[in-house]
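Notes to accompany the following structure.
We did not get these values from a lab; they are worked out from the coordinates using the rules stated. Everything numeric in this text was worked out from a predicted model, so none of it was measured. So basically every Cβ, Gly included, is an ideal-geometry build from the backbone, and we count neighbours across all protein chains shown.
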Amino acid sequence: QLVELHVFYVPAEVWNFKLNTVPVALASKFISAGFIRVSPHFTLRGLREKLGEYLGGVTVADKFRFLKCIGNKLAVVKAKQETELELKSFAPPYALYPELYLLPGVEDVYPLPSSAQQRHHFNAEMSRFGHGSTLPSLPQQKPDKSKPFLESIQSKNQLENLEVHSPVEWSEKEPVSVVPTNHEQDHNDRIQEQADENKQNHLTCPKEYISPPSPPLLSVNPAQVPVIRATQNKMVEQLQQMKKDRRHMEKTREELIKKAKGLLEQNKLRRYHVREEWKKKYFETKKVTVSLEGTLNKLRQDFELYHQKLLLQLEARYRQKRPNNTINSKNYTIIRIATVQHELDHLQRKLADTKMKLIMEIKMRKQAASDLPALRAELTQKKIHSALILQSRKSGL
């Protein structure tokens with residue numbers, strides 16, 4: 001199973017050469033080089049040789065150092081450790097994030113050599129000059145001709161690094177004896193150490209960035225000046241006219257909105273007044289109708305009783321006159337037809353009354369459903385108002 005690692009380049013400007021480390025908090029300034037998919041048991045030494053291939057054929061810096069996150073800082077991985085460390089140590093659960101950090105353009109970021117190595121180098125230089133020679137002035141460093149690798153990744157339009165020169169120069173030459181004494185040897189060691197320190201400090205603290213020269217001003221033909229001014233004046237006038245039009249349109253819009261709101265309020269009031277008038281007429285008519293319905297029902301009952309008595313009298317009369325032909329008589333048939341017709345009329349009146357009651361009930365239900373939201377809103381408003389009054393009273397107490 002392969003492991004995926006995100007490769008980052010650490011810029012030289014964020015690297016602390018004195019402490020030989022960089023905080024992880026500056027990870028936002030790191031430059032992404034892509035990601036690789038490799039075996040978790042692959043070592044850093046093997047990855048160094050094939051890093052460009054794993055990154056998809058991207059050109060990799062010739063000199064770079066691997067960095068490993070220890071705590072909240074990145075530390076340099078030494079050459080011996082590259083053969084021991086496997087890539088699985090840079091991915092979870094061994095690391096917080098699957099990331100690999102590189103410090104390009106640096107071949108040796110370790111501390112300066114010991115005083116014994118400096119003394120040996122200085123003695124070799126002294127023996128090379130020979131007897132009776134003078135101490136030459138320290139040579140200046142060669143300008144950095146190669147473009148840094150990180151600048152090619154960030155932008156191709158950035159300037160090359162400034163040429164760095166050593167600030168230490170000797171204006172006078174002091175004679176040095178061929179066989180130096182211990183005092184002279186110590187003095188020479190101190191001079192060499194001071195020169196190395198100045199050289200290192202100057203490398204870590206480069207000169208200030210010199211901004212490129214400003215581009216030349218664009219030349220304007222004097223004959224075009226009036227045309228340009230006329231165009232500018234015309235554009236200013238158009239802009240002012242557009243502002244006036246916009247203000248006028250906004251004012252018109254506000255007036256239309258106010259008018260529409262007024263019409264809506266008038267429509268609501270008109271509907272409300274019509275509804276109230278209809279309710280008032282309905283209840284007044286209902287009061288009158290109740291008494292009339294009672295009188296009508298009483299008259300109907302009296303009419304039914306009178307009709308029944310009349311039918312009984314007619315039946316008794318015809319029975320006395322024609323006891324055998326009562327059923328087949330013509331008058332009996334007429335009486336039965338009148339009775340059935342009366343019953344049908346009574347049923348039709350009941351049906352009409354029921355229809356009217358049903359229509360009235362439907363109208364009342366619709367009216368109640370339309371008035372319910374308004375009543376609820378009014379009730380909620382009254383509750384809120386009463387709660388505010390109670391709260392103000394409690395706070396006053």
- Task: May I ask you to derive the FRET efficiency for Arg317 and Leu269 from their Cβ-Cβ distance with R0 = 51 Å, giving the value to the nearest 0.05?
- Result: 0.15
- Options Pro373, Met356, Leu390, ranked by Cα towards positive dipole end of segment 348-397, top entry (Cβ charges): Met356
- Of the options Val76, Phe17, Leu96, report the single residue whose Cα projects farthest towards the positive end of the charge dipole of segment 3-104 (beta-carbon charges: Lys, Arg +1; Asp, Glu -1). Phe17
- Item | Difference of contour (0.36 nm per residue) and Cα-Cα distance, Leu347 to Lys243 | 29.6 nm
- With θ set to phi - 60°, apply the Karplus curve 6.51 cos²θ - 1.76 cosθ + 1.60 along segment 368-377 and write out the HN-Hα couplings as whole Hz, x wherever there is a Gly or Pro. 5, 5, 6, 7, 4, x, 5, 5, 5, 4
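Please find the FRET efficiency linking Val288 to Lys394, where r is the Cβ-Cβ separation and R0 is fixed at 35 Å, and quote it to the nearest 0.05.
The pair Val288/Lys394 has a calculated efficiency of 0.10.
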- Query: Which pairs in the list Lys279/Lys357; Lys29/Lys50; Lys280/Lys366; Lys286/Lys350 are over 24 Å apart, alpha-carbon to alpha-carbon?
  - Reply: Lys29/Lys50
- What is the gain in length, in nm to one decimal, between Val14 and Ala79 on full extension, counting 0.36 nm per residue of separation less the C-alpha to C-alpha distance? 21.1 nm
- Fewest to most neighbouring Cβ within 10 Å: what's the order for Tyr94, Tyr101? Tyr94, Tyr101
- Query: Once label points are set 7 Å from the Cα along Cα→Cβ at both Leu358 and Glu276, what is their separation, rounded to one decimal in nm?
  - Reply: 3.4
- Query: Per-residue HN-Hα couplings for segment 229-238, Karplus 6.51 cos²θ - 1.76 cosθ + 1.60 at θ = phi - 60°, whole Hz, x for Gly and Pro?
  - Reply: 5, 4, 5, 5, 4, 5, 5, 5, 4, 4
